[in-house]
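Colleague: My questions will all concern the structure given below.
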Amino acid sequence: MEARLNVFGSPLVAKVIKHINAAGKVIADSPLPAATQELVKIRASQINSCGFCLDMHTKDAIEAGENATRLHLVAAWREAKVFTDAERAALELTEQGTRLADAAGGVTDEVWANAAKHYDEEQLIALVSLIALINTYNRVNVITRQPAGDYRPGMLG
């Protein structure tokens, strides 16, 4: 597969991505647990079929010490025993927040209340922001057909 656009060679994309990455840094430095952040990025990327982001975030998670079993089970998190109740709440919020068009009314009150049981306000802000941000990255990469498989941890910054 070849990319439709050279997003890594465009001065305009570089400016846009600089700002998106700055938001990502704020979220990465937030009190939302790093493992939860990677799980959210992976789950949204699975839903959006973003191979580039899946390649990146699974490799980054492994580099950070994530367990291979957990990574293999993200797509089937409901049936897996390897996720905490807090991680499950984040994954459910990620799914509903990513599939907004599939559900009249968006995220349910029940899913929001469950997330709020496990995360304080700052963590919830980070979680919502991360869901929005990874969906942005997914859309850029899917629309422009960025190929997957060549990512190496740390290569983008």
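Colleague: Full-extension gain between Asp29 and Asn67, please, as 0.36 nm times their residue separation minus the C-alpha to C-alpha distance. Numbers along the way, then the final one.
Modeller: Numbers: separation 38, 0.36 × 38 = 13.68 nm, distance 2.16 nm.
That pair, Asp29 and Asn67, stretches by 11.5 nm at full extension.
Colleague: Would you mind classifying region 1-80 by shape? Square roots of the alpha carbon gyration tensor eigenvalues, ordered a ≥ b ≥ c; an a/c under 1.5 is rounded, otherwise it is prolate if a/b is larger than b/c and oblate if not.
Modeller: Working: a/c = 2.45, a/b = 1.47, b/c = 1.67.
Oblate, since a/c reaches 1.5 and b/c is not below a/b.
Colleague: Something else: What is the fewest-to-most order of Ser129, Ser49 by other Cβ atoms lying within 10 Å of their Cβ? Intermediate values should be presented prior to the final figure.
Modeller: Numbers: Ser129 16, Ser49 11.
In order of increasing Cβ crowding within 10 Å: Ser49, Ser129.
Colleague: For Thr108, put the label point 7 Å out on the Cα→Cβ axis and report which residues of region 42-84 keep their amide N under 18 Å from it.
Modeller: 77-79
Colleague: Quick one: if the Förster radius is 35 Å, what FRET efficiency do Arg145 and Ile125 give, using the C-beta to C-beta distance and rounding to 0.05? Before the final figure, lay out the partial values.
Modeller: Numbers: r = 32 Å, r/R0 = 0.92.
Efficiency at R0 = 35 Å is approximately 0.60.
Colleague: Rank Leu39, Phe83, Tyr151 by how far each Cα sits towards the positive end of the charge dipole of the chain (+1 on Lys, Arg Cβ; -1 on Asp, Glu Cβ) and give me just the farthest.
Modeller: About the Cα centre, the residue reaching furthest to the positive side is Tyr151.
Colleague: Here's a follow-up. Most mobile of Ala90, Ala68, Ala132 per a Gaussian network model of the chain (Cα springs, under 10 Å)?
Modeller: Ala68
Colleague: Under a GNM of the chain (C-alpha, springs under 10 Å), which listed residue has the highest mean-square fluctuation: Leu71, Leu100, Leu91?
Modeller: Between Leu71, Leu100, Leu91, it is Leu100 that shows the largest mean-square fluctuation.
Colleague: Would you mind telling me which residue in Thr69, Thr36, Thr144 has the biggest mean-square fluctuation in a Gaussian network model of the chain, where springs connect alpha carbons within a distance under 10 angstrom?
Modeller: Thr69
Colleague: Still on this structure: How much net charge surrounds Lys59 when only other residues with a Cβ under 13 Å from its Cβ are counted (Lys, Arg +1; Asp, Glu -1)?
Modeller: Numbers: positive: Lys41, Arg152; negative: Glu38, Asp55, Asp60, Glu63, Glu66, Asp150.
Summing Lys and Arg as +1 and Asp and Glu as -1 gives -4.
Colleague: Fully extended, how many nm does the chain gain between Ala22 and Ala80 (0.36 nm per residue separation, minus their Cα-Cα distance)? Don't jump to the answer; show the numbers that get you there.
Modeller: Working: separation 58, 0.36 × 58 = 20.88 nm, distance 3.35 nm.
Here the segment from Ala22 to Ala80 would lengthen by 17.5 nm.
Colleague: Based on alpha-carbon centroids, what's the gap between region 34-67 and region 85-134 in Å, whole number please?
Modeller: Measuring centre to centre over Cα atoms gives 17 Å.
Colleague: Let me make sure I get this right: for region 16-143, a, b and c are the square roots of the gyration tensor eigenvalues over alpha carbons, sorted descending. Under 1.5 in a/c it's rounded, otherwise prolate if a/b > b/c, else oblate. Which is it?
Modeller: Values: a/c = 1.22, a/b = 1.09, b/c = 1.13.
The shape class here is rounded.
Colleague: Would you work out the charge dipole size for the chain about its Cα centre, treating the Cβ of every Lys and Arg as +1 and the Cβ of every Asp and Glu as -1, and quote it to the nearest 20 debye?
Modeller: Details: 16 positive and 19 negative charges, 117 e Å.
So the magnitude is around 560 debye.
Readers should treat all values here as calculations from the given coordinates under stated rules, not as data from a laboratory. These numbers come from a predicted model, not from an experiment. No Cβ is skipped: glycine too gets one built from the backbone with ideal geometry, and neighbour counts run over all protein chains shown.
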